[in-house]
1. With a 1.4 Å probe and every protein chain left in place, work out the accessible area per residue of the chain in Å², rounded to a whole number.
2. Using only the alpha carbons of region 191-323, what is the convex hull's orientation-averaged projected area in square nanometres?
3. Suppose we look only past 16 Å in the calculated P(r) of region 75-118. What percent of the Cα-Cα pairs does that tail hold?
4. Determine the calculated [θ] at 222 nm for the chain from helices alone, applying -39500 (n - 2.57) to every DSSP H run no shorter than 4 residues and normalising by the residue count; nearest 500 deg cm²/dmol.
5. May I ask you to order 128-134, 317-323 by the average number of other C-beta atoms within 10 Å around their residues, highest value first?
6. Please state the equivalent ellipsoid semi-axes for region 63-183: what are the square roots of 5 times the Cα gyration tensor eigenvalues, largest first, in whole Å?
7. May I ask you to give the percent of accessible area on region 253-361 that is carbon plus sulfur, with a probe radius of 1.4 Å?
8. Just need the relative contact order of the chain here, percent rounded to a whole number, with Cα pairs under 8 Å and 6+ apart.
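The values are calculated or read from the model by the stated rules, or taken from the named source; none is laboratory data. Everything numeric in this text was worked out from a predicted model, so none of it was measured. Glycine also receives a Cβ, built like all others from the backbone with ideal geometry; neighbour counts cover every protein chain displayed. Protein only, heavy atoms only, side chains kept; ligands, DNA and RNA dropped before computing areas. Shrake-Rupley method; radii C 1.70, N 1.55, O 1.52, S 1.80 Å.
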Amino acid sequence: MADQGGKPKYQFTDIDQVGQGAVATAFANQVAYCEHAGAPITARVVGAVATLLESDTPGALLDRIRKWQGAPLADALPLRIAGGIHALYLSGQQPELRAIYQRPSADDVALIADAIRAHEAPLMAWLAGPPQTNEAGRSSNFAAAMLWLADRGLPPRFECREIGSSAGINLMMDRYSYDLGGTRFGSRPSVMHFAPEWQGNAPQQTDVEILSLKGCDVAPVDLTDPQQALRLKAYIWPEHTIRFDRLEAAIAAAKDRAPDIVTMNAADFVEAELARPQDAGTTRVLMHSIVWQYVPKDEQARVTAAMEAAGERTSADKALAWIAVEANRDTHRHELRVRYWPGGAESALLAEAHPHGAWIRWEG
């Protein structure tokens, strides 16, 4: 099974590390993570930037990275610059980068240095915000969790609310279909079909209905805008070609019917949605994937408080659930965890999962 080897070399001792050595640690961790996750090209790009940072190579971009004021690991700083460099290649602005993206070996450091010198100003803009890694494959986790919740007796009619929705690709999961270890979920016909490599027992087959999907992002991406779509493509690791195909399918789906996404921070959105009346016979769901680390700590606390307060007001026919696919910084794995009210307020580990949906190891 892909990406399930031994313990990786990276050590997330403190994702919020700042100050001396934090940038070098972040880049070393990212190189090791990419190598472990089957992304050697991205590892080469990040490694080349790291070499330039350690050298006396001058430049405003490199100096800004060297003097990063935040926590470079939590901010995914290495992926910000890697995305910008990938965009130069995808857009044809720096064709010389083909030697990295299409060949097994090259003078990576020299090629990246040339790209930075030639495009320093536009690359600087890529440092301004976190990566947009909106991946449809992660929605398999959401589908599996809904089946599990329905099997626990929660109403199988779901009102889904997502934070950090990016372009809203997962907000179109009612148009996708899934094979989850032999258990079927979703629409027929479908815009996309997902069958992650499955390990463990399959979720119980249950009739589930998605009533609505709505999300928020502080800077939503418009899939129908070619330049904004390019930004998403740039954050796809070039080795993972199926993800480009999925993105094209999502773009076509968004042109047909745009996902319901609003510009709002996570805490404001969750508080507002929880305040809305809820129909009887429904389960309201908060869901998110690979986003929690980018939510400011004060907003995390507000979201948690709002969910727990709303949980106290639930009933058997007006339930609440919290589905999260996030990195566990102790085990170095991505986990699918669920809380639900009434009855399951403690976090339950349902699965370990590939960050882009390639496989799921079910424990639910």
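1. Details: 15190 Å² over 364 residues.
With all protein chains present, the chain gives 42 Å² per residue.
2. Working: hull surface 42.0 nm².
Its Cα hull, projected and averaged over all orientations, spans 10.5 nm².
3. On the way: 308 of 946 pairs.
The proportion of pairs with Cα distances above 16 Å equals 33 percent.
4. Numbers: 12 runs with 134 residues, N = 364.
When only DSSP H runs of four or more count, the value is -11000 deg cm²/dmol.
5. Values: 128-134: 18.4, 317-323: 22.7.
My ranking of the peptides, most packed first, is 317-323, 128-134.
6. Values: eigenvalues 309, 65, 30 Å².
Largest first, region 63-183 gives 39, 18, 12 Å.
7. 50 percent
8. Worked out over the chain, it gives 18 percent.
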